Amino acid sequence: MSATAHPIAPPRSRFSHRVAAILQGRLGESGWVRLSVGALTMATLVLYLWGLDRNGWANTYYAAAVQAGTQSWKAFFFGSLDAANYITVDKPPASLWLMELSARIFGLSSWSMLAPEAIAGALTVLILFFAVRRAFGPVAGLVAAAAMAFTPVAVLMFRYNNPDALLTLLLVGSAWAMVRALDGGRTRWLLLCAGLVGLAFNTKDLQAYIVLPALVLTYFLFGPRRFGARILQLLAAGAVLVVSTGWWLVIVDAIPAAYRPYIGGSTDNSVVNLVLGYNGLGRIFGQGGPSGAPSGAVVGGGAGFGGATGLLRLFSTEIGGQIAWLIPLAVVSVGVGLWVHRSLPRADLARAGYVLWGLWFVTHFVVFSFASGIFHPYYTVALAPGVAALVGAGVVDMWKLSGRSPLGSVILAAALAGTGWWGAQLLARTPTFLPWLGPLELAVAIVAAAAIVAASWPALRRWLPDPVPAAAVAVGVVAVMLGPAAYSVATVGRSSSGAIPSAGPAVAAAPGLRNGFTGQPPVRLGSTASGGAGGPQVRAGGVGGALGSDVIAYLEQHQGEATWLVAVQSANEAASIELATGRPVMAMGGFSGTDPAMTVDKLAQLVLSGKLRYVVISGGGPGGGSSSAVQQWVIANGTAVTVGSSTIYDLAPSTI
């Protein structure tokens, strides 16, 4: 089914007829469309690659895992934090595989690790264009692609090594495959859609499934095949989804625990527990106990990191500047789009497109707004494609509606002016950042809105040149993108690092979030641990603590035949040491030090076998290196060694 059949008649002037033909894709588009989308894709790639190495290791947690994957194929497969395979990261490994393959080919560096993420971002923009163009025409596709490219949280995450970049690419790919399935009813596109969602699951677990209601319901309601055939197609797609989702999980959980690393983030060393608990229901209903984070973990992370739950969460100070710029326009767009396409045949592709992207938007909005567990602002990058697609489709349909009815012009004008006002409000939250931009965005949006309304009234229309209505819409769209574009450029212009990155100018990031939990700078590329007293500091010895280069040099000098350089409580401590030395470091309690991965018997066995000699004791919750039993055993059986201002414990077998 073609995307060129729309129920809205265009305006009647020759110029407007030509503009409408372009909007609907009736003119030969091979030239200008290819040039436009090619230029936009390349501009996106340049933006995402610009000064990429200023982010250094970005999130050292994943950077250490990437390093491990370049040193050990076993670590590659499992997604281990260290090359000796003590514990995995708390996410599936698909996103790591992409970066690790790049690092194996080009050598480990910030560029080799982060460039694949930037390329994924450019591909996301391109695929979103194709998905929106097929349903709504080329101009809608270009507007959607531009909105996606300049969403601040997208710019942030496509320059970062968290799993969200690959997750978003795969989910947009699944939406494109769904649109292809809706357009012709071919089963192969539906199977591809399911396979991509399954691969996205192996990137970030159950977050990938947030799109399933949109995908399944849209094809069930609007697929071109007969009812029975649609059911069979969806069942086949479900089978592909199960296989593509579960293959890694089944393999890993089938391997005896003694032959694989501990599954980070789980409470019982199983991937199923990780999926359903810490990365599943725990994110929605709150962490804690066996269904969420390990016992003793910090709970209520949703409110702590992403603001209070509720309908206004995504507009809050913590999140608004990341994603909320175009949400008002997207909401108006989906309402108008469903209304104007309400009377078309069931399988109309444009209406199906509004349902697909509308449900994408609604499900993500609801889940993100009310998730009571750990929730970080950058998760909202998965919402960005839905917002961008609705904006692209809605602007085009509202412009065509304005050619028939003054009411349509008023709706479009109000949507642009209201979105411009909201953008000005977001910019006002950072008054020292381009203080003139907010008033400018609002003023230009209001002028564009006034021109749109004026051009719809016959008494005024005759005095206006033909290009005015289309030009006013274009100016209005540019106006509402000024704020997010400025935030995007600011994101590129500064370094981002740590566990909880934030987009926009530095003044927009909450204290302590720009560089993870501690606010300290990360280990930079080229750091070594043998540079003497003036060498780098690496995080260890507890949240906010650090081991100096003299301690690292001592550990390297005395490691001997031990497998691990040292054991510390958490991955946040271990990662920086690994990156500085290139040697395995044991994170006994996983990401935050609370995973029940270490026991006294296990530690004693590692020490007696000569695989581990040194341990750093630090504060924290139970389950990691400072659980009372493990800590007491280390203190009782180890020899305290003071190096500089730090104390480490020597557990050489001869001392036990």
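Side notes on the structure shown:
- Scanning region 180-203 for residues that are surrounded by fewer than 24 Cβ atoms within 10 Å (Cβ to Cβ) and more than 30 Å from L274 (Cβ to Cβ) returns R180, D183, G184, G185, R186, T187, R188, W189.
Results for (1) modelled with pLDDT under 95; (2) surrounded by 24 or more Cβ atoms within 10 Å (Cβ to Cβ); (3) more than 24 Å from G56 (Cα to Cα), shown as yes or no for each residue.
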residue: M586; (1), (2), (3): no, yes, no
residue: T594; (1), (2), (3): yes, yes, yes
residue: I617; (1), (2), (3): yes, no, yes
residue: G621; (1), (2), (3): yes, no, yes
residue: G624; (1), (2), (3): yes, yes, yes
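- Checked against the criterion of being modelled with pLDDT under 95, on the phi < 0 side of the Ramachandran plot, over 25 Å from the mean Cα position of the chain (by Cα) and not in a loop (DSSP other than H, G, I, E, B), the candidates W399, W421 yield just one match: W399.
- Which numbered condition F365 fails, given (1) touching a residue at least 60 places away in the same chain (Cβ under 8 Å); (2) under 29 Å from A120 (Cβ atoms): (1)
- Residue in region 318-344 that is surrounded by the fewest Cβ atoms within 10 Å (Cβ to Cβ), counting only those that are in contact with a helix residue (DSSP H, G or I) (Cβ under 9 Å, 6 or more places away or on another chain) and not in a helix (DSSP H, G or I): R342
- Comparison of L234, L249 shows that the only residue that is over 28 Å from W357 (Cα atoms) and either touching a residue at least 60 places away in the same chain (Cβ under 8 Å) or in the same structural domain as A131 (by TED's automatic domain parsing) (or both) is L249.
- Meets criteria (touching a Leu at 6+ places or on another chain (Cβ under 7 Å) and over 30 Å from L344 (Cα atoms)) for V252: no
- Considering G228, G185, G265, G246, the condition of being under 21 Å from the mean Cα position of the chain (by Cα) and of a type in the set (G, A, S) is satisfied by G265 alone.
- Candidate set: region 252-267, residues that are in contact (Cβ under 8 Å) with a residue 60 or more places away in the chain and not aliphatic (A, V, I, L, M); chosen: the one farthest from K74 (Cα to Cα): T267
- Scanning region 429-438 for any residue that is of a type in the set (S, T, Y), over 25 Å from G337 (Cα atoms) and out of contact with any Gly (no Cβ under 9 Å at 6 or more places or on another chain) turns up at least one such residue.
The values are calculated or read from the model by the stated rules, or taken from the named source; none is laboratory data. Please read all numbers here as calculations on a predicted model, not as lab measurements. Virtual Cβ from ideal backbone geometry, glycine too; neighbours counted across all protein chains shown.
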